[in-house]
Each structure stands twice: as C-alpha cells, then as structure tokens.
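The block underneath contains the structure these notes are about, expressed in structure tokens.
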Amino acid sequence: MPSLAWLADEHAAPMEASRVAVVVAHPDDETIGCGALIARSPGINIVMVTDGAPSDLTNAHRAGFASAADYGRARARELRSALAIAGVDQTQIFAMDVADGGVWRTLVSVSQRLASFFDERGVDMVLTHAFEGGHSDHDGVAYAVRLAAGLMFRRAPAVIEMPFYHESADGLKYQSFCDGEDGMVARLTEGQVAKKRAMLDAFPSQAHVLHCIDPSVERFRLAKPYDFRSAPNGGVILYGRRATDLGLPDWMRRQAPAPTAEGAAASAPRRDRRAA
C-alpha cells in the first residue's frame, strides 16, 4: 500500500494502485484534489458519487445546457477526457449516479455501496474529501466513507483526506485545511503542473470555478477523527441555509445524526460504461 509520504512525494516513482480508491462527490473533484497523484498511480480506482448535475439548472444554463440530463452527460464526458490525460482507463471509473446535492438524503445507501465496493476490490486506502463546510456533497461523502469503513467485513482502509474549499475570516479559501494544518504537501514539478492544468482544462463547463485552483500543489493527511454530530469548520457552513432542501442530518439543528435505512439496497457502484 502506498504510504502517506509517497502520496505527497512529487518525485516518487509510479506505484501500482489497484487497492487505492479516490472517492469524490463531483466530476473534477478528483483532478482538483489529486490529479497529479492519479497520473502516477496505475490501476487506481475512481469512484464518482454524484452525477454532477443539480436539479437547479443555474450551472447547466451557465454552461450552455438546457437540461440537467444533458449537463450530467457532458460532465461525464469531461471526466473521462481528464482522466484519459492521466492514463486512467474507463474501466477504472465507477459511477454511483446519486443526484448532485443528494448525498445526505441517501447517506445510508451510499455508505453501504461504498463498503461493498471496498470489500470486493480489496481497497486498503481511500482518498476523499475533508469535512470542511464547503459543499454539502463533499461533507456527505467524507461522512459516508467513514461509515463505510465501519461496515466492512475485512480490515477498514486507511482514509486520507484532501482539502477543497471553505469559508474563512478572509473569505473563501481553496486547497487548504480549515483548521490551519498544512498536512503533507506535494509541490508539483513543471511537467506535473502542465498535465494537471490540461486535466483541469478538460472541464470547460466548470471553468468559472476551476480558475481559482492552483495546479501546482496537492495536500494530503490522515483523516481527522471528526465528531460528525457537530458541524464542520466551527459551524461556518457555506450551505447551511439550504439544510432542509439538501436533506442534511440533525447536526444542522444541533442534534446527533441518526441515519435510517431510507436508502436503496446496498450494491457495489457500477463500472461507468456510458457512451461518450
């Protein structure tokens, strides 16, 4: 299994990574969080939890799409194009197709499916989102990965977290942990930066966001032992006003979360075979 030090060593030789999974919420999150790492990890598994297409069509219309379905298909094509630049085959991409914005509403199902996937694939390391209050799906996936680890029949995988964005006293901050820790930092080489920039450019529908991303750095750390009964980032949550709409758990109302079996029956994420 790759070590945490290897993950953050931009000069390390490629390492076979079929027992490593990157589990993220939206197409482009994998590239933001660890695109350069993916490019030097042959065999790595990419698990995409949502379809990246919110029912609110604001983002779809901004990108020139008339429907969420068209927008979702475009984002899936962009994902495959970006990962092809990193040398990832389509058979390494696994889509769960949860509706964008719906991770908390399907938390039990997502957790069960991830546990099944980790068991079946022999996953012993998972890279995923930090719990940081930036996007509800990011935080939901962070929680689901931890729940999945507790459901596994075999030894739970090591969970490595990556920062994406959060609100701070100085405004929105990208690619830094909200508690101020640096973690293990990979300062990417010129060639790695060029490849990661090309991967980011493969997501034209997200250009309005991705211009904020620094392609020269990636950060990793062992996931913190969060108390998911409490809101992240000291309660400063960018999506807090949409709590009811997003199906967020009881910690949004300062109570302990109590997931129930409202999700679909557990099944492993399917391999993404959608046509380009």
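The values are calculated or read from the model by the stated rules, or taken from the named source; none is laboratory data. All values derive from a computational prediction rather than experimental measurement. When we count neighbours, we look across all protein chains shown, and the Cβ atoms used for this are built from the backbone with ideal geometry, even at glycine.
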If we keep only residues of region 150-200 that are under 24 Å from A5 (Cβ atoms), among the charged types (D, E, K, R) and part of a loop (DSSP other than H, G, I, E, B), then the residue modelled with the lowest pLDDT is R155
With respect to L222, is the statement that it is within 17 Å of the chain's Cα centre (by Cα) and loosely packed, with under 15 Cβ neighbours inside 10 Å true?
yes
Residues of region 54-107 that turn out to be outside any helix (DSSP H, G or I) and over 23 Å from S41 (Cα atoms), as a count:
16
Within region 5-28, track down each residue that is hydrophobic (A, V, I, L, M, F, W, C), touching a strand residue (DSSP E or B) at 6+ places or on another chain (Cβ under 7 Å) and not in a helix (DSSP H, G or I).
A8, V20, A21, V22, V23, V24, A25
With criteria (1) of a type outside the set (A, V, I, L, M, F, W, C); (2) assigned to a loop (DSSP other than H, G, I, E, B); (3) surrounded by 15 or more Cβ atoms within 10 Å (Cβ to Cβ), D214 comes up short on (3)
Could you tell me which numbered condition M48 fails, if it satisfies all but one of (1) over 21 Å from L188 (Cβ atoms); (2) in a helix (DSSP H, G or I); (3) modelled with pLDDT of 95 or more; (4) of a type outside the set (F, W, Y)?
(2)
Six or more apart or on different chains, Cβ atoms under 8 Å: show the pairs whose first residue is in region 46-58 and of a type in the set (S, T, N, Q) and whose second is not in a loop (DSSP other than H, G, I, E, B).
T50/M96; T50/D97; T50/V98; T50/D137; S55/A68
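Yes or no, residue by residue, for (1) out of contact with any Leu (no Cβ under 9 Å at 6 or more places or on another chain); (2) among the charged types (D, E, K, R); (3) in contact (Cβ under 8 Å) with a residue 40 or more places away in the chain:
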site	(1), (2), (3)
E120	yes, yes, yes
M125	no, no, yes
V145	no, no, yes
G150	yes, no, no
A158	no, no, yes
Y174	yes, no, yes
E181	yes, yes, yes
Qualifying residue in region 102-109 (condition: charged (D, E, K, R) and touching a residue at least 60 places away in the same chain (Cβ under 8 Å))
yes
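Quick grid of which residues meet (1) in contact with a strand residue (DSSP E or B) (Cβ under 6 Å, 6 or more places away or on another chain); (2) free of Cβ contacts under 8 Å to residues at least 24 places away in the same chain:
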residue: S3; (1), (2): no, yes
residue: E30; (1), (2): yes, no
residue: G43; (1), (2): no, no
residue: S67; (1), (2): no, yes
residue: R80; (1), (2): no, no
Do the conditions hold for A207, that is, is it over 24 Å from V185 (Cβ atoms) and assigned to a loop (DSSP other than H, G, I, E, B)?
no
Kindly check whether there is at least one residue in region 58-69 that is crowded, with 19+ Cβ neighbours inside 10 Å and at positive phi.
no
